[in-house]
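Structure record follows, encoded as structure tokens.
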Amino acid sequence: MAEHGLIFVISGPSGSGKGTVVDKLLESNEFVLSVSATTRAMRTGEIPDKSYHFLSREAFEEQIRNNGLLEYNRYVTGDYYGTLRSEAESAIAAGKDLILEIDVNGGLQVREKYPDTILIMMIPPSFQILEHRLRSRGTESEEKIQKRLQVARNELSQMHNYDYVVCNQEGPDGIEAAAKDILEIAHAERQRLDRNRDLIRSLLNQETKRGE
């Protein structure tokens, strides 16, 4: 099989349930999760290098200048978020399949650097259910909910740039089914002929030697 790991980007609007599905995927021990880097302040309960890699603005911008990031974004708060190239490359060189739970902009940046990246869009069953999920949290103002819904529309409009779409249906069964769908995608991607050329070449060479 392929000796190096693959990069799987999972994107989706807030309320699509991608974080919960990713947690379920990690239980399979078939993936490792990329820990994002950020310049924002650490919050109560967060653990350095597990929740995030917490970097100063100067250190983050040095990573940008040195091409040390697979992708990054700067948000309206002024804080940077991104994926360290060294961590990602170390994981896939060790044969581990890496999950990046990032937005569409970040996913397309990763695809530019690693054309082999598999892009998966997580979607809700309907926009009405997405809105219900956001409102049921009870943690945000109407203004913030409307902003999240607009961001969701923008992200979903980018689905044509992705390889797969996975629908996260309602309830625990929906989470299980979505995780299963992504596992099946991963299994199929690992079996692709163009990812296993060394194995095929070795097999054909053995057969050639037998015929000599």
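The values are calculated or read from the model by the stated rules, or taken from the named source; none is laboratory data. Nothing here was measured: the structure is a model prediction, and the numbers come from that model. When we count neighbours, we look across all protein chains shown, and the Cβ atoms used for this are built from the backbone with ideal geometry, even at glycine.
The rows are residues; the columns are (1) aliphatic (A, V, I, L, M); (2) surrounded by 11 or more Cβ atoms within 10 Å (Cβ to Cβ).
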residue: M42; (1), (2): yes, yes
residue: G45; (1), (2): no, no
residue: Y52; (1), (2): no, yes
residue: A59; (1), (2): yes, yes
residue: Q63; (1), (2): no, yes
residue: L69; (1), (2): yes, yes
residue: T77; (1), (2): no, no
residue: Y81; (1), (2): no, yes
residue: A88; (1), (2): yes, yes
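Among the residues of segment 92-105, not a single one is out of contact with any Leu (no Cβ under 8 Å at 6 or more places or on another chain), under 20 Å from G19 (Cα atoms) and free of Cβ contacts under 8 Å to residues at least 12 places away in the same chain. Among the candidates Q109, Q146, the residue that is at pLDDT below 95, farther than 18 Å from K24 by Cβ and not charged (D, E, K, R) is uniquely Q146.
Considering segment 132-212, the qualifying helices (runs of 4 or more DSSP H), each wholly inside and each with 1 or more residues that are among the polar types (S, T, N, Q), run over 142-156, 197-211. Across segment 19-36, the number of residues qualifying as within 19 Å of L149 (Cα to Cα) and under 9 Å from the mean Cα position of the chain (by Cα) comes to 0.
Can you find a residue that is surrounded by fewer than 18 Cβ atoms within 10 Å (Cβ to Cβ) and not basic (K, R) anywhere in segment 116-123? Yes: one or more hits.
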